[in-house]
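Structure record follows, encoded as structure tokens.
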């Protein structure tokens, strides 16, 4: 029984470590802010869940797994909220999701996410929102940042 | 291997140098306050690297760990006090920085000196 | 445990007890009254401590009932009692004197915060003076410096803010240097109690750490005590602080750091590093001599009266540093007694300046013309203080200079040089005091200046003259000040009483 | 061996982040990096077996000081436009300072060397006598509250002075600003009310954070925790509510007079415990006279002063945050 | 089990280093905020695994405090951005108005 628990928690821990490492690697390798955000936030919750569950198995029937469950619950709630809020803030302050299609060229009308134009685009975005400076227009789907534009548009094109 | 044991003190010395350099070289008030807080947290590192004992654990004597070697509690008590002193000085310095920004309109020390000289 | 045994703790406990009360009860005038009551009680307790200490006996008070190296211990000997008396005396005089001038400088809104900060500044300084634990000195040093920053930033002029900011930066760097020094000492001896440190630091074999600790502690305290090259925060801080605050911090705050330097150097480093006296002299004598000349020269060319007195404080601190550097009984006595006397002189002079500022609404020397006739009593107090600075007989300044000269003469030809330096700087002092007297008495008030006719209010004049008269009394009957100072010097140097 | 590997990793990161803080132009980035700096420092303290200090450094260094810096940045400027001052003098002085220390620390005891003098003199007495005299598992809390209680009293008054200083500097704002009308409330932008998800999650977590703060307060004798950490955690909870709901609602939750009373009451409690032990015939801050049996007296004393410290630190952090957030840009 | 904890700790440390590198190099400010957020979560995991590695599992409430502080830090950043945007909008209006 003890050996089984050990093997199970070892597997969980190692996969959690792998997830966490992939997250870190993804944050380094991804070309642009939103994709990095995507890599970081997913592995944050996933890796944390695996590692914490792995540790829970080791804790036995004392108070420890309860504490680990509290940590997991807390991370499970706050990490996605923080990522969402960050992406929303980035979108509102004008960081455009600039991605390449297969041909390597930027999409027509998309500027690459260089910081310099951001200031200009920032004030443009602000003027665009001047009518309702605080309340975001209900219609605009500001809730979910553009996810994986490359695959969808590529299919539409071919 | 012996030098590795002193690594903490070298990092303490380097952090002090960075903190002092930030204080002397930068004239922006907020940047100097950040440098000041870095200067103070370097000292915490000096005290806490004194309390480590090989194979020791945190000095909380519970039922399972009576006969273990324990780390030295005294530097931890001193640093608990020093951290709160650090945050109090930073809070006061930030309040003064806000008042300076309102009185002078800028937080660059050299511009403030020119304004004072003209006055 | 009779009340008499509890006195050492009471001198700080009273101040710390009333600070939150003064902050919370915001009725009109209550914070000032609470602050004055607490500080005066603390002054009385400090005087009774001095009465016991004058018998040559050291009071050890274990905080929380824990024995010496494990708990924190209050260590009150002649030196701490003298300094405690100076601090609480200066604070109560400045508070009683400053009631009116603070009322118009510090609004009704910030009064509770201001007077609570005043109480904490006094508590911090007194706490530093009576404690016998190296880290505890750092904690109370932080209390006193944080509350001094608050007191200075309450000044009406906007330049008070920028001078407070510079004082914060230099004060924190100084305090952190002191903390690093204590950290190295702890690393080498394992204890924090000053007496225990003194005993154990002798057996340390690798003295490199102790040398560096001595270096850090001395430089840190030199920054806090505004010794010459590290004094740049002090003139602006004294000039733009509210007048009553300048009276208090000029009289007490920089001298406490010098007290800590004496306490740490003589109790700990003297008996560990072999020829530490030579190192101390090499460190302090050049600084002291530079302070004497630079302070006086800067004061001569200064137009603002408060900054003029601040520069003269820099040079007077140079005297104290010289006294400490001589590491002889006479020299140390001269230094300690000058700390006390200079507190009295500068307190009186800054009170006179505050009276002038109240009536003339400016402290610029040029437009104080004709103040001699308009405000005879205030200017008379100022002149008495000026004579004290120069060291004319019958003034407290003369006593301390007398002991410094005596100590210098013991040092052979180097001492003769020091005596010459002391005399020259006294002459420089004559110049900048005369400059003010000449403007006040022998120059007609300018035509367009607003005519000032009536004298400063009685409630401000009486404390000023009390301070000046106590100064003269201590000049005549030196049993208390020199008595305590010589006992302190003998105990520190280990000479039989 | 294992600690050396981890501390090697963490300390090198610490130096890299410190150099980055020095070089960045944008103050906001410097504040963010100083948040990372405190987190690495706290992780390092944890590796060096200082659990209490790690908790304090994290809660105060990474939490409260980042919020204060951001509050101050919102009121001042965001870019460090300081012209490049001659770098020779600062470089020389700081490298001289560093050189002196490195020169001295060659004779310092190695990390974790049990024969160092520091572990010989005073520390074993504390570790041995605490179960016997004070009978509190967490030796650090015992030393902090009882053996060196006078230090912590000074510490509480340092925090009290900081609160007084900030109130004196950023004190009363014109009352007109506080009585905000509903229309103006819509426009008031110091809240995240229109972000639906953060608002719901934030408000849902505030009670748990305050509860966790109280747990740390009363758990201080048994595990890492105590008055400072608990006060900072409770304040962090209230600050989260004010961040989400906006300054006005935050000041309705914890009104300004209440946090000042909390500050003064905490400091007053601590001193009155000291005076009470004097009245009961013991020395100042000697808890063993507080109850019939010395050990019970110590427990009672430590409990009351930790509560005092918790109250003061919570009140101070809340007052300072409100002072910054209420200060509109002039 | 000992070396599994050790391997996990090393993996977390490497991710921390990567997060710090992204924090330093990140072109836009949001990359830096992302790095801080990621670093905070990794510290939580690091503390949890280290407390199991050193055999003192009752230090987990430290990890919970870290997670909480990290969460509040991100909210403070959000509010800072928002007030910055409003200030920019106000300045833009004032210039437009002039």
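Every read-out reported here was derived from the displayed coordinates using simple, explicitly stated rules and does not represent laboratory data. This is a predicted model, so every value here is computed, not measured. Ideal geometry is used to build each Cβ from the backbone, glycine not excepted, and the neighbour counts take in all protein chains shown.
Listing for the model above:
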read-out: Distance (nanometres) between label positions extended 7 Å along Cα→Cβ at residue E:2 and residue D:135; value: 3.7
read-out: Residue-averaged [θ]222 nm for the protein assembly as shown, counting only DSSP H segments that reach four residues, each worth -39500 (n - 2.57); value: -25000 deg cm²/dmol
read-out: Surface/4 of the Cα convex hull for the protein assembly as shown, nm²; value: 48.0
read-out: Chain C - Debye-derived log10 I(q)/I(0), Cα point model, q = 0.13 Å⁻¹; value: -1.23
read-out: Efficiency of FRET from Cβ geometry, residue C:203 and residue A:29, R₀ 45 Å, rounded to 0.05; value: 0.15
read-out: Helix C:3-24 axis, angle to chain C major axis (alpha carbon atoms, nearest 10°); value: 50
read-out: Calculated diffusion of segment A:2-92, Stokes-Einstein form, Kirkwood radius summed over Cα pairs, 25 °C and 0.890 mPa s, µm²/s; value: 174
read-out: Exposure proxy ranking, count of Cβ atoms within 10 Å, fewest first, for C:100, B:118; value: B:118, C:100
read-out: With Cα atoms, 0 to 90° folded angle of helix C:243-264 axis to chain C main axis; value: 20
read-out: Pairwise centroid distance, computed over Cα atoms, of segment D:15-92 with segment C:115-178, Å; value: 24
read-out: Descending semi-axes in Å of segment C:298-497, equivalent ellipsoid built from Cα gyration tensor; value: 34, 18, 11
read-out: Chain B: angle of helix B:73-104 to the longest principal axis, Cα-based, in degrees nearest 10; value: 10
read-out: Theoretical FRET efficiency, 1/(1+(r/R0)^6), r = Cβ-Cβ of residue C:27 and residue B:111, R0 51 Å, to 0.05; value: 0.75
read-out: Residues of segment D:131-156 with amide N under 13 Å of the 7 Å Cα→Cβ point at residue D:125; value: D:147-148
read-out: Sorted by Cβ neighbour density within 10 Å, fewest at the top, the residues D:163, E:9, C:355; value: E:9, C:355, D:163
read-out: Segment D:1-80: C-alpha gyration tensor shape, a/c 1.5 cut-off, then a/b vs b/c; value: oblate
read-out: Estimated FRET transfer efficiency (residue A:2, residue D:215; beta-carbon r; R0 35 Å; 0.05); value: 0.65
read-out: Considering only the protein assembly as shown, percent of DSSP beta bridges that pair antiparallel, nearest 5; value: 85
read-out: Spherically averaged projected area of segment C:365-440 from its Cα convex hull (nm²); value: 5.2
read-out: Pairwise centroid distance, computed over Cα atoms, of segment C:307-338 with segment C:360-415, Å; value: 14
read-out: Cα gyration tensor shape for chain D, rounded if a/c is under 1.5, else prolate or oblate; value: oblate
read-out: Residues listed by number, segment D:54-82, amide nitrogen under 15 Å from residue E:87 label point at 7 Å toward C-beta; value: D:68-81
read-out: Segment E:2-97: Rg to Rh, with Rh as the Kirkwood radius over Cα pairs; value: 1.20
read-out: Residues A:2, D:296, A:38, D:322 arranged by fewest to most Cβ contacts within 10 Å; value: A:2, D:296, A:38, D:322
read-out: Segment D:234-258 and segment D:264-330: distance between their alpha carbon centers, rounded to Å; value: 23
read-out: Cα-based Rg and Dmax for segment C:206-337, where Dmax is the largest Cα-Cα distance (Å); value: 15.3, 52
read-out: Virtual spin-label span in nm between residue C:303 and residue D:78, 7 Å along Cα→Cβ; value: 4.2
